[in-house]
Every structure is written in C-alpha cells, then in structure tokens.
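Quick note: the coordinates plus some simple rules give every number you see, no bench work behind them. Please read these numbers as outputs of a predicted model, since none were measured by experiment. Glycine also receives a Cβ, built like all others from the backbone with ideal geometry; neighbour counts cover every protein chain displayed.
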Amino acid sequence: MIEKRDFYINGAWVAPTVPNDFPVINPSTEEAFATISLGGQADTDAAVAAAKAAFTTWGVSSKADRLEVLQNIAEEYAKRGEDLAQAMSQEMGAPISLARANQVGAGAYHIKNFIRAFEGFEFDKMLGAHAPNDRILYEPIGVCALITPWNWPMNQVSLKVIAALAAGSTMVLKPSEISPLSSVVWSEIMHDAGVPAGVYNMVNGDGVGVGTQLSTHPDVDMVSFTGSTRAGIAISKAAADTLKRVSLELGGKGANILFADADEKAVKRGVLHMMQNTGQSCNAPSRMLVQREIYDQSVEAAREIAEGVGVGPASEEGRHIGPVVSELQWGKIQDLIQKGIDEGARLVAGGTGRPEGLNKGYFVKPTVFADVTNQMTIAREEIFGPVLSMIPFDTEEEAIEIANDTVYGLTNYVQTQDGKRANRVARALRSGMVEVNGQGRAAGAPFGGYKQSGNGREGGVFGIEDFLEIKAASGWFNG
C-alpha cells in the first residue's frame, strides 16, 4: 500500500493538521492501492498564507528568473516521466502505453509551449501610436486556487501551474482526490526544480472540503477549475461573495459533422477519437452527425471499428482502452446506455455490462448508437464514457442547427473536402474550438469553450493572460 498523506506547503512536505485518510482505488482491480489524507480548513489556510507571503517577491520577480524556473521544471519533468505514467495508469486507469505517450506527453507538450509563449510575452506595452505616454501593464493576479480533474491529470495541472508561474502568480493546487498520486510526483518535480517556497503549494482534498474552502477564501484572488459543469456552477456561486476571478473549463457534447464528401477515414477517425481515454475527455466528439447519403454505410463502419476496439487492464501494454475511473462513473454510464435503449436509439455495438472476459474492474463496452435524435438523453447529457451517438442530417443548415442545439460549446468537428463549406460551418458553430478534417490545433492555440462549457482560455499566450490583471497607466515617462 502506497501512503502519501502529506501536503506540500511553503516548500516542505507537512502532515495534515487533522488526519483524514482516503483510499485511492485502482479502477482495473477495484482495489485500494494507496492512501492519501483529505485536507481541512487549517491546511487550506496554511497553504493560502504561504502563497500570499510568497507573492510579495514572486509577483515582482524578473522574467529571466521565472524563465529559469520553467526550464528547470521541464528538465525535472522529463526525468520523472515513468513515475508519472505509472501513477496515472494506476489511479485513473489509463493504459500504460497511453499514460506514457499521451498523459505524460501532454504535460511535456504544454510546458514546452508555455516556455516559448513566455519568451515572447510582453508585460509592458504602449497603448498605441496615438498615445505614446500611455502604458498597458500586465501584472499577476495574485494567489490562485487551481482545481484539477482526474481524467487528464498532467494535462490540466501543467496548463494551470505553468501559466500561473509565468504570469508571476502564486498558487495552491487541489488535484482530484480520485487521481492524486501524479500530483504528488508533480509536487516533487516542483521542489526539485527550485520553485521558491510558497510560490507553489498542494493540498489534497475533495470538492466539498478543500475545493469550497479555496473558492470562498478571502485571500484567494482567482480560481481556475476544470471539471463538470455542475461543479463549475457551484464554484462560481461560492466565489461570488468575494468577487474573485473564476476561470472554468467544463463539460462538452461535441458534434462531429460528416458531410457526404468526407474523406474515407473520417468515420474511423471519429470513432477512435471518441473512444480514446475510454471516452473520458471533455472535447470528445460524442455526437456524430452524418449526411443522409452516407449514413447507412457510416453506421456499419462505426460498428466494425467499435467492435475492434480492445478493452483491458491499464497495466497491460497496447492500444486498448482501460476502465473508466470509478464505480460511480461506471454506474452512471450503464444507466445512460440503458436510457438510450429505452428511448429508442438503435444499439449497433456494445451495450450494458462489462466486456466479455472481464468480470472485475470498471470496464465499459465500446458502444455505438444509431438513429439517435438530438432530444434523446444520450444526445443531451455528457456521458464521459466510450459511447457514441450517430444522428442523420440532410442539409448544411440542419447540421449546424443540431450541432448548436446543446447547452455545451467546447469542441466541434467538421469533415468535408469543400474548403468554403468547412470555413463557413466553422464560423457558424457555437464553440470555442473547431477541428476540420482531423487536423489538430497548433501548439499554443487556446483551449476553452462557450456557453456551459466554461469561460477563459488555456494554453500558450492565452493561458498566461488568464492569470494576469491589466493596468492602464497614463503620463508614462518614456526612456
């Protein structure tokens, strides 16, 4: 049994003020393999106080000093890749090959891109040629509470921590209590990289406890949260009394629009993207909208591809998908699959229950529904599992209407060989991101959504700006 009860506060590992043990479950085995402690108000207060004290120096540190720390983090992160992969594979069920390549790789990717964005970032700009004595000053917002999810641990931790550090803000990280061990390793990386004491702190805890304590704390200037829309709403309400900034990256119900001229790999690309990370991604293309001319053949192709997706323990090498993260999540997904059947969607692959040969672990069958209407529950709710809903459409206008008919607006996808149509549809879709023909967004592109998918942007220059205040100064003395 791994025991990681301590918190990282003011540059040191400290025991919880009041012990409150919490088991960490391996979703492949349903067994506890580690123990952490959940923090209380005294732990939260100590971490916030450390961050507040450190802000007096880190907030005015030079760009060169911050850059050196970021580069040190990149070097230490590379040394601990296997430790991070093993932690994430055990705590949230990412197959070890995916954990090494994608889960660990996401953190390395963001650290690298933040360093590049930071090197070219200007914290002091002239307003314009018309106002040579006016300056726009970008200054760190202060103490930040960073609340991260279980599904892409290092992706989200790096997006928040590195951006806040670059901005000159100080912070308290509260990782998901379901996947905390990777953030323990991350905290060791921060320490070994020489991040000054108090600039970065970590307290484990749940949303009701440490999450709420941070959201309501009078000395916290900003909350950056990634997770469910329900929790994001609760955090916004909790933070309202102190009028702190709240940046939210929440749920999604992405539409993947396949026009009749989509390339031959479009269906396969869409199904596999949906199944990646066992469907536990907020930007998953969970609604596949297919033009009527190619609908029947696309349904058949989706069935074949889904049935070819392997499912197995996270500890095994390979391209299979692992379990979902918890018993609670497994039960929710089973209920929604049954709801799809009950509401009249046509089940063409997968279904309820565990895959054949797996009688233990939170494993879900890769599932595809056809003949879904956009009013069915499986088309409205974020399932967060390997479940794809296929919806036919006739015209471009109808596809856009269906895609936008959702409370979410994170990522949408367009598949067509008509460049003018691709651009036209991308403009019409109400989402923070649109990907066309499988081409991923470039390094440093902003990540974030419209509507109930949240606000604010993460990644690159946009991510750094999220942790900055803007000051306008007139009468500036040049030279």
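The table below lists the values:
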read-out: Cβ charges +1 (Lys, Arg) and -1 (Asp, Glu), total dipole of the chain, debye; value: 620 debye
read-out: Estimated inter-spin distance, Arg319 and Ala443, nm [label 7 Å along Cα→Cβ]; value: 2.6 nm
read-out: For the range 379-395 versus the range 143-173, the gap between their alpha-carbon centres in whole angstrom; value: 31 Å
read-out: Relative compactness, the range 9-160, computed as alpha-carbon Rg over 2.2 N^0.38 Å; value: 1.32
read-out: Loop-located GluC sites (Glu not before Pro) in the range 296-327, at most 16 other Cβ atoms within 10 Å (DSSP); value: Glu316, Glu317
read-out: Qualifying aspartates and glutamates (Cα of each under 16 Å from Cα of Lys332; at least 8 residues distant if same chain); value: Asp342, Glu381, Glu382
read-out: Cβ charges +1 (Lys, Arg) and -1 (Asp, Glu), total dipole of the range 221-318, debye; value: 580 debye
read-out: Other-chain or far-sequence residues with amide H under 5 Å of Leu388's (modelled H); value: Thr367, Val368, Phe369
read-out: Local electrostatic count, Leu159, Cβ distance below 12 Å [Lys/Arg +1, Asp/Glu -1]; value: -1
read-out: Of the chymotrypsin sites (Phe, Trp or Tyr not before Pro) in the range 87-169, those whose Cβ has at most 15 other Cβ within 10 Å and which sit in DSSP loop; value: Phe123
read-out: Relative intensity, log₁₀ I(q)/I(0), of the range 1-90 from a Debye sum that treats every alpha carbon as a point, q = 0.16, 0.18 Å⁻¹; value: -0.92, -1.03
read-out: Which of Leu98, Gly120, Ala108, positive extreme of dipole for the range 98-152 (C-beta unit charges); value: Leu98
read-out: Cα centroid separation - the range 405-430 against the range 42-85, whole Å; value: 38 Å
read-out: Nonlocal amide H pairs with Gly409, under 5 Å, H built at 1.01 Å; value: Lys253, Tyr450, Gln452, Ser453
read-out: Percent antiparallel among DSSP beta bridges (both partners in the range 1-101, rounded to 5); value: 75 percent
read-out: Listed residue pairs exceeding 25 Å between alpha carbons, taken from Lys4/Lys79; Lys112/Lys268; Lys63/Lys125; Lys112/Lys265; Lys4/Lys63; Lys160/Lys420; value: Lys112/Lys268; Lys112/Lys265; Lys4/Lys63; Lys160/Lys420
read-out: Spatial separation of Cα centroids for the range 118-142 and the range 306-377, in angstrom; value: 50 Å
read-out: DSSP-defined beta bridges in the range 255-441 - what % are antiparallel, rounded to 5; value: 15 percent
read-out: The chain - percent relative contact order, Cα under 8 Å, separation 6 or more; value: 19 percent
read-out: Calculated [θ] (222 nm, deg cm²/dmol) that DSSP helices of n ≥ 4 give over the chain, each run adding -39,500 (n - 2.57); value: -11500 deg cm²/dmol
read-out: Under Karplus coefficients 6.51, -1.76 and 1.60, residue-wise ³J(HN,Hα) of the range 424-436 in Hz, glycine/proline x; value: 5, 5, 4, 5, 7, 6, 8, 8, x, 9, 9, 10, 10
read-out: Contour excess over end-to-end distance, with Cα ends at Phe477 and Asp219 and 0.36 nm allotted per residue; value: 89.5 nm
read-out: Karplus-derived HN-Hα couplings along the range 160-166 (A = 6.51, B = -1.76, C = 1.60, θ = phi - 60°), whole Hz, x at Gly and Pro; value: 8, 5, 5, 5, 5, 4, 4
read-out: For Asn437, net neighbour charge (Lys/Arg +1, Asp/Glu -1) across residues whose Cβ lies under 10 Å away; value: 0
read-out: Separation of the Thr377 and Ala32 label points, Cα + 7 Å toward Cβ, nm; value: 3.2 nm
read-out: Shape of the range 297-455, Cα gyration tensor, a/c cut at 1.5; value: prolate
